[in-house]
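Here is the structure we will look at.
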Amino acid sequence: MSNFDYDLFVIGGGSGGVRAGRLAAGLGKRVAIAEEYRFGGTCVIRGCVPKKLFVYASQFPEHFEDAAGYGWTVPKPSFDWPTLVKNKDQEIARLEGLYRKGLENAGADIFEARARLIDPHTLDVGGKRVTADKILIAVGGRPNPHEALPGHEHCIFSNEAFDLPELPSAIVIEGGGYIAVEFANIFHGLGVDTTLVYRGKEILSRFDQDLRRELHATMEAKGIKILCHDILTSVEKQADGKLAAHLKSGKVIEAGQVMLAIGRIPNTQDLGLEAAGVETGKTGEILVDGFSRTNVENIWALGDVTNRVQLTPVAIHEAMCFVETVFKGNPTEVDHDTIATAVFSQPEIGTVGLSEDEAALRFDKLEVYRASFRPMRHTLSGRQEKMLMKLVVDGQTRRVLGAHVLGPDAGEMAQLLGISLKARLTKDDFDRTMAVHPSAAEELVTMYQPSYRIEKGERVG
Ligand code: NDP
């Protein structure tokens, strides 16, 4: 038994911190965890979970419209924002309770306070001194406040978007990543006049071109305004309380809210990192090795605060590797390769592996299999939206390098495609697989002929 109060002290009760704390406590280690706000972190409290609930809410108007083709008459629907917020809050409170209970049942001590490092083994936790043999920092990140933007103080971020007192009649959203695109669809679906302002050529810069273009076109067809090659230069509060968003192009857009979604930054300020000697990088992220260990021997960090891949399942995986390495004597390096991901836009994106452009840079010969079709559910509804599926295949080994889907349930498909790509399956394995019929996903195993080939970066027909 060491002289420290705890074997492990976890700072931060989000997805990564809670998983690590719970597992370590379950192994009989003396564990404490500090959380200054609410257990569950960004994902549960003001991220993935409430976002997905809002996505569902925002899809109903289209479901009501689509019902007519199937014979239903739906009376004119109406929407009540406070009901959605209240029900969302109840669900979040339930999940938060489960997180807390999991920790308690495993035997971890809970501190509802901010923790700061005083030295590598000592923390100030809400005014109390606590010592620990090992310390894990999992304090996550927060929206980039974009302080360089005049009028940024009038803007909201994803955090506030979940609890607006009322829905604005119009919103301007800056950014072209996950959050901007998902919220543009949510607000539009809930009836808000929505404009997306993105600095680059096409939204979702890190995704496959085909999906980006098709999603852009579909969002515009729904009525979302997308302004590429533009940025906000200032946001001004007018006498009537409305905001005026000034753009570099000279446009001025009036809106009830302006939301900034231009990335998230690590929460490393005022944590006592300097006192403990923990090194940080250019954006304030904690620098770690492949096992999530910092430069200080007994201090680890994982999740968004390390700014490796800002995704909940990644933080959870990092936490499990940490526990294997540190408490189970089984050194396990974090594996960030081939991560399946979804953008809950409308239609949804599900994707894993390399985009066509990324693959073309790394492989001499590629085969691209591509299908664009109207999904069956849209035949009777009359909705014109297309579904897009694409496999990027190494022409030499036949390994499937990238699988990309745009359309209903694409996120669910990405999870299973993720297994195939992680297992390094080939196109022949896909071809050998029997289709599930009738489904949209069957297209993934029935694209027998390449749509085109790419050799040394050039499309060859
Ligand atoms: P992203 O990194 O996805 O996107 C940031 C966007 O902001 C990009 O379009 C970027 O442009 C743009 N941008 C960056 N700096 C500026 C600037 N100074 N002025 C104007 N535009 C700028 O971040 P998000 O905030 O959307 O999300 C944060 C992270 O959260 C994501 O990376 C993701 O990992 C995670 N997340 C995951 C979700 C999911 O799994 N479904 C959902 C929501 C978030 P450019 O492309 O040109 O760099």
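Give, in nm to one decimal, the length gained when the segment between Ser78 and Glu455 is fully stretched (0.36 nm per residue of separation minus the Cα-Cα distance). Mind dumping the intermediate values first?
Values: separation 377, 0.36 × 377 = 135.72 nm, distance 5.38 nm.
Gain in length upon complete extension: 130.3 nm.
Need one number: % antiparallel among DSSP beta bridges in the chain, to the nearest 5. Show your work: numbers first, answer last.
Working: 51 of 79 bridges.
Here the share of antiparallel DSSP bridges comes out near 65 percent.
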| query | In Å², what does the accessible area per residue of the chain work out to with a 1.4 Å probe? | reply | 46 Å²
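Which whole-number percent is the relative contact order of the chain (Cα, under 8 Å, 6+ apart)?
On the way: 983 pairs, mean separation 67.2, N = 461.
Answer for the chain is 15 percent.
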| What residues qualify as long-range amide H neighbours of Trp300, i.e. H under 5 Å apart, gap of 5 or more or another chain, H built at 1.01 Å from N? | Ile135, Leu136, Ile137, Thr294
| request: Output ³J(HN,Hα) for segment 259-268: one whole-Hz value per residue in order, computed from phi by the Karplus curve 6.51 cos²θ - 1.76 cosθ + 1.60 with θ = phi - 60°, and x for Gly and Pro. | output: 10, 9, 9, 10, x, 10, 10, x, 8, 9
| remark: Whole-Hz Karplus couplings 3J(HN,Hα) for segment 449-458, θ = phi - 60° and coefficients 6.51, -1.76, 1.60, Gly and Pro as x, run 9, x, 6, 6, 10, 10, 10, 6, x, 9
| request: Kindly point out which whole DSSP H helices in the chain project their C-alpha atoms 15 angstrom or further along the helix axis while averaging a Kyte-Doolittle hydropathy of 0.5 or above. | output: 178-189, 312-327, 410-422
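Once you have the Cα-Cα distance between His154 and Leu27, take 0.36 nm times their residue separation minus that, and quote the gain in nm to one decimal.
Details: separation 127, 0.36 × 127 = 45.72 nm, distance 4.77 nm.
Computed gain between His154 and Leu27 is 40.9 nm.
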| task | Could you point to the residue in Leu95, Leu247, Ala32 farthest towards the positive end of the chain's charge dipole, with +1 and -1 charges on the Cβ of Lys/Arg and Asp/Glu respectively? | result | Leu95
| field | GluC sites (Glu not before Pro) within segment 301-340, DSSP loop, no more than 13 other Cβ atoms inside 10 Å | value | Glu333
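At a Förster distance of 60 Å, what's the computed FRET efficiency of Gln59 paired with Glu297, Cβ-Cβ distance as r, to 0.05? Present the calculation step by step, with values, prior to reporting the outcome.
Values: r = 50 Å, r/R0 = 0.83.
After rounding to 0.05, the efficiency reads 0.75.
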| request: Using DSSP to define loop residues, name the GluC sites (Glu not before Pro) in segment 261-292 whose beta-carbon has at most 13 other beta-carbon atoms within 10 Å. | output: Glu279
| said: Within the chain, which is the longest segment that contains none of the chymotrypsin sites (Phe, Trp or Tyr not before Pro) sitting in a DSSP loop with at most 12 other Cβ atoms within 10 Å? | reply: 73-447
| Glu36 long-range amide H proximity, modeled H, under 5 Å | Gly13, Ala113
| query | Where the centroid of each part is defined by its Cα atoms, how far is segment 93-168 from segment 225-239 in Å? | reply | 31 Å
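For the chain, what class follows from the C-alpha gyration tensor (a ≥ b ≥ c being the square roots of its eigenvalues): rounded when a/c is under 1.5, otherwise prolate if a/b is larger than b/c, else oblate? Spell out each step's value before the answer.
On the way: a/c = 1.76, a/b = 1.28, b/c = 1.38.
Oblate shape, in that a/c is at least 1.5 and b/c is the bigger or equal ratio.
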| Which aspartates and glutamates, on any chain, are close to Lys456 with Cα under 16 Å apart, when same-chain ones fewer than 8 places away are left out? | Glu356, Asp357, Glu358, Asp364, Glu367, Asp394
| remark: Karplus-derived 3J(HN,Hα) from phi for segment 386-396 (6.51 cos²θ - 1.76 cosθ + 1.60, θ = phi - 60°), whole Hz, x at Gly and Pro, runs 9, 10, 10, 10, 8, 10, 9, 10, 5, x, 8
| field | Contour minus Cα-Cα distance for Arg374 and Arg199 (0.36 nm per residue) | value | 59.9 nm
| request: Apply 1/(1 + (r/R0)^6) to the Cβ-Cβ distance of Asn3 and Ala93, taking R0 = 56 Å, and write down the FRET efficiency to the nearest 0.05. | output: 0.90
| field | Amide N of segment 365-383 lying under 14 Å from the label point, which is placed 7 angstrom from the Cα of Ala67 along Cα→Cβ | value | none
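Mind checking segment 106-210 for GluC sites (Glu not before Pro) that DSSP puts in a loop (not H, G, I, E or B) and that have at most 12 other Cβ atoms within 10 Å?
Answer in residue order: Glu147, Glu166.
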| Non-local Lys pairs in segment 77-149, i.e. 8 or more apart or on different chains, that have alpha carbons under 24 Å apart | 4
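Rounded, prolate or oblate, given the Cα gyration tensor of segment 164-227, with a/c below 1.5 counting as rounded? Could the numbers behind the result be given before it?
Values: a/c = 2.23, a/b = 1.77, b/c = 1.26.
Judged from the Cα gyration tensor, segment 164-227 comes out prolate (a/c at least 1.5, a/b above b/c).
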| field | Whether segment 254-321 is rounded, prolate or oblate, judged on the alpha carbon gyration tensor where a/c under 1.5 counts as rounded | value | oblate
| note | Of the accessible area of the chain, computed with a 1.4 Å probe and all protein chains kept, carbon and sulfur make up a percent value of 51 percent
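The values are calculated or read from the model by the stated rules, or taken from the named source; none is laboratory data. Please read all numbers here as calculations on a predicted model, not as lab measurements. Here the Cβ is made from the backbone with ideal geometry for all residues, glycine too, and neighbour counts use every protein chain on show. The area values use the complete protein model at the heavy-atom level, side chains included, leaving out ligands, DNA and RNA. Shrake-Rupley method; radii C 1.70, N 1.55, O 1.52, S 1.80 Å.
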